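Notes to accompany the following structure.
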Amino acid sequence: MTNLAINGGPKACDYKWPKWPIWDETDKKALIEVLESGEWWYGKKVREFEEKFAAFQDAKFGVTASSGTTALEAALLALGVGAGDEVIVPPYTFMATASAVLRINAIPIFADIDGNTLCIDPDDVERKITDKTKAIIPVHLAGYVADMDRLNEIAKKHDLSVLEDACHSWGSRWKGKGTGALGHCGVFSFQASKNLNSAEGGIILTNDEELAETCRSYTNCGRGKGKPWYEHYLLGSNLRLTEFQGALLLAQLSRLEEQTQIRETNAGILNEGLRNIPGIITIENDPRITRRAYHLYPFRVDLKKLGIKCDKFIDALKAEGLSCGKGYDRPLYKNPLFQRKGEGPEFCPMSCPYYGGEIDYSKVSCTVCEQVVEDTLWIYHSVLLAEAKAMHMIIDAVKKICDNVAELK
Ligand SMILES: *Cc1c(COP(=O)(O)O)cnc(C)c1O
């Protein structure tokens, strides 16, 4: 007799999961209004969104950009990070966290993550600081907030900038304050898969007016505020949004608060139900995270206890009817980009005179991250918008797999 759906048993999650993105007449009307106005370019709607989103995250200033990736690059430049400087980043994140550093000819230095939070480990950050270190980029992974108290304290002590990669954390709060302006500045993404989306887009938030103006200049061709249009001060780029994106973001933002609450409530049900299942390790809240906005619901599987590989577990869970996956399947430094070796312009800045040495990423080892990429799986944020009863189906599915794990061997 088989119990698991992967072996022909009944599905635990017979449920029609919400689709992403979500839109209705509000979004449609907003887009048509821009179309008919003829004002398609970087204007009122973009400004209004910048103000509203900054306020939503408790920041004073918002400067939009074409993506989270380009926003990270502009923010690093505005913070004064330059060629040959070191920037400490976690290896459990999307490539942009580290590639943005390389794009401005600086050197990403990997600090391990904490297996209980999946965010950068402040102790390892401290160990990785050298006299070349200029900045730290914590990633608020899946909406969990990295330990900003410790990171800000470390940064202050060593005179470093803190740039939050908040590309998973629209709506997250640390001790009552929104992410993004907890350090010097922070960056969000509005790419299609994100909780707030205009297909592509990004924003930099900060409480520092001068920094905001420098970011504005970098994202708008190096122009100066109130200066002649064809006068350029910085080596910027064109990272501007259109009014269509601004209008869509405003419409999407009008639903974000409610969606964030639904996700958090449903994730609470999952935490309750999953934490006591032998073989499952949940990512438990730090009480200083006063709101955890879930871009993903990650949890870890005790592979030794269950005696299977994570991929098997995922296949079984998918067969039960759940939309889930492995997520980041390697630490960033294991990517071919970091593993290649050589000299010449294409290897700059990893081995070039700016850095004054060669960095060998094949020697980097972040042991916690290397374990996490083997045993962690992600449930996607759209799933968390389903009804509460669907969360109980997920719990039943996970429990069923753990109880019948022998069927997978
Ligand atoms: C999505 C994402 C980015 C980059 O955002 P894009 O808008 O896709 O360029 C950066 N960091 C993290 C952690 C992300 O998930």
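The values are calculated or read from the model by the stated rules, or taken from the named source; none is laboratory data. This one's a predicted model, so the numbers in the text were calculated from it and none came from an experiment. So basically every Cβ, Gly included, is an ideal-geometry build from the backbone, and we count neighbours across all protein chains shown. The protein model used for the area step is the full one, side chains on, heavy atoms only, and it has no ligands, DNA or RNA in it. Shrake-Rupley method; radii C 1.70, N 1.55, O 1.52, S 1.80 Å.
Points worth noting:
- The residues of region 350-361 that are part of a loop (DSSP other than H, G, I, E, B) and either on the phi > 0 side of the Ramachandran plot or of a type in the set (S, T, N, Q) (or both) amount to a single one, Gly356.
- Meets criteria (hydrophobic (A, V, I, L, M, F, W, C), outside any helix (DSSP H, G or I) and open to solvent by less than 30 Å² (accessible area, probe 1.4 Å)) for Ile394: no
- Checking Ile120 against (1) closer than 29 Å to Lys326 by Cβ; (2) surrounded by fewer than 24 Cβ atoms within 10 Å (Cβ to Cβ), the condition it does not meet: (2)
- Test for Phe188: is it at pLDDT 95 or above, of a type in the set (Phe, Trp, Tyr) and open to solvent by less than 10 Å² (accessible area, probe 1.4 Å): yes
- Listing of strands (runs of 3 or more DSSP E) fully contained in region 20-129 that carry 1 or more residues being at pLDDT 95 or above and of a type in the set (D, E, K, R): 86-89
- Of all the residues in region 362-390, those that are part of a strand (DSSP E or B) and open to solvent by 10 Å² or more (accessible area, probe 1.4 Å) number 2.
- Selection within region 199-211 - open to solvent by 10 Å² or more (accessible area, probe 1.4 Å) and in contact (Cβ under 8 Å) with a residue 24 or more places away in the chain: Ala199, Glu200, Asn207, Asp208, Glu209, Leu211
- Subset tally (residues that are crowded, with 18+ Cβ neighbours inside 10 Å and within 15 Å of Lys194 (Cα to Cα)) for region 256-283: 3
- Residues in region 50-82 that are among the aromatic types (Phe, Trp, Tyr) and within 16 Å of the ligand (Cβ to nearest atom): Phe53 only.
- Single condition Arg47 does not satisfy, out of (1) surrounded by 19 or more Cβ atoms within 10 Å (Cβ to Cβ); (2) more than 16 Å from the ligand (Cβ to nearest atom); (3) under 18 Å from Tyr218 (Cβ atoms): (1)
- For region 310-349, taking the residues that are open to solvent by less than 20 Å² (accessible area, probe 1.4 Å) and in a loop (DSSP other than H, G, I, E, B), the one that is farthest from Lys11 (Cα to Cα) is identified as Pro349.
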